Amino acid sequence: MSASVDTSVLFEPVQIGKLSLRNRLVMAPMTREFCTDGVLPPEAAAYYARRAAGGIGLIITEATTIDHDVAHFSTREPYLFGAAALDSWRGVVDAVHDAGSAIFPQLWHTGLGRKRRQTHNPQVESIAASAVSSGSLVESTGDAIPVARGGTLPRAATQKDIEAVVAAFGQAAFEAQQLGFDGIAIHGAHGYLVYQFYWERSNKRSDAYGGSLENRARFALEVVREIRRRVGPDFPIMFRFSQWAGWDYKARLAHDVPELERLLLPLVDAGVDIFDASTRRFWLPEFEGSDLNLAGWAKKITGKTAMTVGSVGLEAPLGDPATHASATSVATENLARLIEMTRRGDFDLIGVGRALLANADWANIVRDGRWDDLRAYDAARIVEGY
């Protein structure tokens, strides 16, 4: 990309309610698994602060577990409960604010995605929308993240389970607000618990939480409403959604625009302020007959702030074998497309993930047009620590 390319649109400030962001660039959430029993190591504050100092406007943390016995992915992701874990987040929030960025924690419950044998209570059954295994959800498309086979089935969540999980999401959001976070992000994508309720292949329920899309949406709406109740009207709520699941990249929650409207508009009524539309390649159209991507449709349908994400600044999409085997080349060509889509108002925010692992100062490099300074992402960075 030419150094003369005008990237200024990426650095325009964004206002979301009472929250002011210095630019459109967001550090996308990336699970790292470097914690001990849910407590962040001291290095985490510097890890996030480097990205803030590098020019990012908003940081979305790695996925963070709510206080429910079987929410955990493993014991190595951070928790947003318990004195030690909460205290470990205080230093992160302060460091990011000192470096000039806002920060949201991403809250999740993994459901049937839980690594049961690697959690602190492996004797307790996992829960899911229905008693189905992750292996049974894999279609032979040749285009999905490998999943572990074997183990025991999760059990279908009871009404009591659902109420407990909803309350845990609300409590985690409240704790985040007390810690000084600037908003909250809900992980409703990629095949985790919220998605499992939405997806007709993982939700086989016959009660009020199963069947029609409206019923399958009920759990997510209860989570959002409880968070809004706990944090009040002015604390921003972001909702990450995706068409794809970790077990099937070709999965779809909404097959057309009217179905996407049925999915998104109730979330607005429940209290969502920002839609994080998770795709693997941001430049691909979502539906035939329009070149809008998923974030573009989210903004068009809801009128709310929308964020795009997916291989920004990289050649290979998430899950591509190249990203698990060797370095992935820096791509500046897709930034020209990103700038074009941003200028025409398709979306408001831009999530940058793996490129930020290779370049903590990615935002400043792009702002200054120092393309030769960009370093290639290598998947080994995921396991190297903070």
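Each value in this text was obtained by applying a stated rule to the coordinates, not by laboratory testing. For clarity, every value in this text was computed on a predicted model and none was experimentally measured. Virtual Cβ from ideal backbone geometry, glycine too; neighbours counted across all protein chains shown.
In terms of modelled amide H atoms, which long-range or inter-chain residues lie less than 5 Å from the amide H of ASP346?
Placed amide hydrogens put nothing under 5 Å from ASP346.
Please report, ordered by residue number, every helix of the chain (full DSSP H runs) that is 18 Å or longer along its axis going by C-alpha atoms and whose mean Kyte-Doolittle hydropathy reaches 0.5.
On the way: long enough: 83-98 (23 Å, 0.21); 159-179 (30 Å, 0.20); 218-231 (20 Å, -0.29); 257-270 (20 Å, 0.79).
Qualifying helices, which must be both long enough and hydrophobic enough, are 257-270.
So what is the orientation-averaged projected area of the chain, using the convex hull of its C-alpha atoms, in nm²? Kindly include the intermediate steps, with their values, before the conclusion.
Values: hull surface 68.6 nm².
Directional mean of the projected Cα hull area for the chain stands at 17.1 nm².
Quick check on packing: order 166-174, 115-123, 101-109, 221-229 by the mean number of other C-beta atoms within 10 Å, highest mean leading.
Working: 166-174: 22.6, 115-123: 13.8, 101-109: 26.7, 221-229: 21.0.
Peptide ranking by packing, descending: 101-109, 166-174, 221-229, 115-123.
Among DSSP bridges having both ends in the chain, what percentage is antiparallel? Round to the nearest 5.
Values: 8 of 42 bridges.
Beta bridges within the chain, antiparallel portion: roughly 20 percent.
Packing-wise, with mean Cβ within 10 Å as the measure, how do 359-365, 341-347, 268-274 rank, highest first? List each step's numbers first, then the result.
On the way: 359-365: 21.9, 341-347: 17.7, 268-274: 19.7.
Going from most to least packed, we get 359-365, 268-274, 341-347.
List the residues, sorted by chain then number, that are 5 or more residues from HIS109 or on another chain and whose placed amide H is less than 5 Å from its amide H.
LEU193, VAL194
Please sort 232-245, 250-263 by packing, taking for each peptide the average over its residues of neighbouring beta carbons within 10 angstrom, highest first.
Working: 232-245: 21.1, 250-263: 16.3.
Highest mean packing first, the order is 232-245, 250-263.
Restricting to lysine pairs 8 or more places apart or on different chains, what number in the stretch 8-383 have Cα atoms under 27 Å apart?
Within the stretch 8-383, the lysine pair count is 11.
What number, rounded to the nearest 500 deg cm²/dmol, is the helix-based mean residue ellipticity at 222 nm of the chain, given -39500 (n - 2.57) per DSSP H run of at least four residues and division by all its residues? Show your work: numbers first, answer last.
Working: 12 runs with 122 residues, N = 386.
Result for the chain, helices only: -9500 deg cm²/dmol.
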